[in-house]
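Bear in mind these aren't lab numbers, they're just calculated from the coordinates by the rules spelled out. Note that the structure is predicted; figures quoted are calculated from it, not measured. Reconstructed Cβ throughout: ideal geometry from the backbone, glycine too, with neighbour counts over all protein chains shown.
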Amino acid sequence: MDAIEIKNVSKRLGDFAIQDLSLVLPQGSICGLVGENGAGKTTAIRLIMDALRPDSGEIRVLGVDNRSPEFHQVKEDVGIVLDEAHFPETLNARQVGLIMADTYQRWDAAAYDGFLKRFGLPLKKAFKDYSRGMTMKLAIAVALSHSPKLLILDEATSGLDPIVRDEILEIFSEFTRDESCSILISSHIVSDLEKLCDYIAFLHRGRLRFSMEKDALRDEYGIVACSKSRLSELPEGAVLGTEESPYGVRALVKRRLVPASLPVERPSLEDIILFLVKGEKQA
Amino acid sequence: MKALLKKDIFVLLRQMRMFLLMIAIFAVIPRGNMTVFAIVYCGMLPYTAMAYDERSKWDDLAAMMPYTASDVVMSKYVLGWLAVGCATVLSALSNFLLGLFVTTDLSSAALLPYMCMGFLMMAVTMPIMFRFGVEKGRMFFILLMVFVAVGGAGLVAGLVDSGESGEIPKTMLAFVQVGIPVLSAALTAASIPLSMAMYKKHRYH
């Protein structure tokens, strides 16, 4: 069973549209949804959780159609962390725990208290006085304290310092040690996704540009550095994006279309994404 | 629904201590206009809770949590009913206790229509709040209050003038005692499904 299965979903919101989005998150894996601000990551997450209805297409979460009445029960198995905590700012961690105890059937107060201690979060401090790191940790404590099978994280690490980000990424890694648990994490911090994810999906202007295993991605693409004339000799379709400098050209290429005589570097995820966006602008 | 109600109560108790104290003081003053004031303010508490929800973007998170549309909508109605009910009970108690020692100008029989006016007001404005949000909803609420106050005062003045002894006719009093509660119940019954539809429309579009 796939944790998330999105089939040909489209949704128009004014000038912006998610177009024909198809994406699969296999159970037990971590998929990073990457894209620039406004690429459609949050809209995709809202569509997955039925907080927004698509114009067409279908979405299944943990094997259940998200438009069916049974999806209400599935929400018990999904932990959500959004870009902000979204709890009313006067609440404190103790009150959030009391509210969540009446929200989730499997709410584990002991686990919640454990996370609060682990994260060093005060019980009675009003939430508005939290730092951003504390706010996100509280949201993560809530998301993890009702035995979820799927975590959906929308920009959960953005705005955090590298130390807190690393600590949070470690918690997410721990979560997927249970093979029935999966994560969909959206971020524009590519390095976080590179560190954490098994699969990467790249969303650009509402369209999915690719979705594949992280390692396969690096096997598929490569970076070449050569002269402009040497680059022009490559077969059609081999070059996906270029960056010119006084010293020559750097280009993202499809490895299998490049002759063995031309040295190809292994690209970082950030290279792939930046070159693909540039390639689109150049086209 | 219990979770959502709990959240609103935590938020209101924390944010509006002075305001709630004022409502309690108005509720215990044994004068009809003070009681009406307390009840109207209590009827507005769900909108205050909705404003805090909007400010913290709580609705975005709640839409992804295991709350039904019915949970979200009913929690606001129940909050309003509880607040209006508490203000009425407080008024009734203070009226009764003060009545043991002094003469008050508020009859206990008048409290039921006052309370129902609070419910009625919520029934009329709640669907608009769910559809257009608190800011636009409040504008409508203020217009409604002005209309009710001016229209009500005009109606009462007209009836008193037309009465033989300068008093409100008995048929009018009967309408206030029976008609307002019935009207309030009927409008509330229509308002809840309408709010539910408005909430879904607002949430999904």
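At-a-glance table
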quantity: Principal axes of segment A:54-113: Cα extent on each, largest first, Å; calculated: 40, 23, 16
quantity: MRE, 222 nm, helices only [DSSP H, n ≥ 4, -39500 (n - 2.57), over chain A, to nearest 500]; calculated: -9500 deg cm²/dmol
quantity: Estimated dipole of chain A in Debye, rounded to 20 [Cβ of Lys and Arg +1, of Asp and Glu -1, Cα centre]; calculated: 380 debye
quantity: Long-range amide H partners of A:GLY241 with built H, under 5 Å; calculated: A:LEU252
quantity: Per-residue ³J(HN,Hα) for segment A:77-84, Karplus 6.51 cos²θ - 1.76 cosθ + 1.60, θ = phi - 60°, Hz, x for Gly and Pro; calculated: 9, 10, x, 10, 10, 9, 5, 10
quantity: Long-range HN-HN contacts of A:TYR221 with modeled amide H, under 5 Å; calculated: A:ARG255
quantity: Peptide A:87-94, shielding by other chains (average Cβ, 10 Å cutoff); calculated: 6
quantity: For segment B:45-84, alpha-carbon Rg and Dmax in angstrom; calculated: 10.4, 31
quantity: Cα-based Rg / Dmax (Å) for segment A:193-262; calculated: 13.9, 39
quantity: Three semi-axes of the equivalent ellipsoid, the protein assembly as shown, Cα gyration tensor, whole Å, largest first; calculated: 59, 24, 18
quantity: Virtual spin-label span in nm between A:GLU270 and B:ARG55, 7 Å along Cα→Cβ; calculated: 3.8 nm
quantity: Residues B:MET50, B:MET196 arranged by fewest to most Cβ contacts within 10 Å; calculated: B:MET196, B:MET50
quantity: A:ILE30 long-range amide H proximity, modeled H, under 5 Å; calculated: A:ILE183, A:ASP198, A:TYR199
quantity: Within straight-line cross-link reach of B:LYS76, lysines at Cα separation under 20 Å, skipping those fewer than 8 residues along the same chain; calculated: B:LYS2, B:LYS6, B:LYS7, B:LYS57, B:LYS136, B:LYS200, B:LYS201
quantity: Whole-Hz couplings from phi, Karplus 6.51/-1.76/1.60, listed for segment B:116-133; x for Gly and Pro; calculated: 5, 4, x, 5, 4, 4, 5, 4, 6, 8, 4, x, 5, 4, 5, 7, 10, x
quantity: Under the Karplus curve 6.51 cos²θ - 1.76 cosθ + 1.60, θ = phi - 60°, whole-Hz ³J(HN,Hα) for segment A:231-244, x wherever Gly or Pro sits; calculated: 5, 5, 7, 5, x, 4, x, 7, 9, 9, x, 10, 9, 9
quantity: Pairs of lysines in segment A:118-238 (C-alpha under 23 Å apart; 8 or more residues apart or interchain); calculated: 8
quantity: Compactness index (Cα Rg / 2.2 N^0.38 Å), chain A; calculated: 1.12
quantity: Fraction of beta bridges assigned by DSSP in segment A:148-259 that are antiparallel (%, nearest 5); calculated: 80 percent
quantity: Using a Förster distance of 60 Å, the FRET efficiency for A:SER10-B:LEU98 (Cβ separation, nearest 0.05); calculated: 0.35
quantity: Neighbour-count order for A:GLU236, A:GLU244, fewest beta carbons within 10 angstrom listed first; calculated: A:GLU236, A:GLU244
quantity: A:ARG230 versus B:ALA69: modelled label distance in nm, points set 7 Å from Cα along the beta carbon direction; calculated: 6.3 nm
quantity: Kyte-Doolittle mean at least 1.6 and Cα axial length at least 30 Å: DSSP H helices in chain A; calculated: none
quantity: Ascending count of other beta-carbon atoms within 10 Å, so fewest first, for A:SER173, B:SER75; calculated: A:SER173, B:SER75
quantity: Cα extents of segment A:123-229 along the three principal axes, largest first (Å); calculated: 66, 32, 27
quantity: Extension gain from A:MET212 to A:ASN37, taking 0.36 nm per residue of separation minus the Cα-Cα distance; calculated: 60.9 nm
quantity: Separation between Cα centres of segment A:240-283 and segment A:155-174, rounded to whole Å; calculated: 30 Å
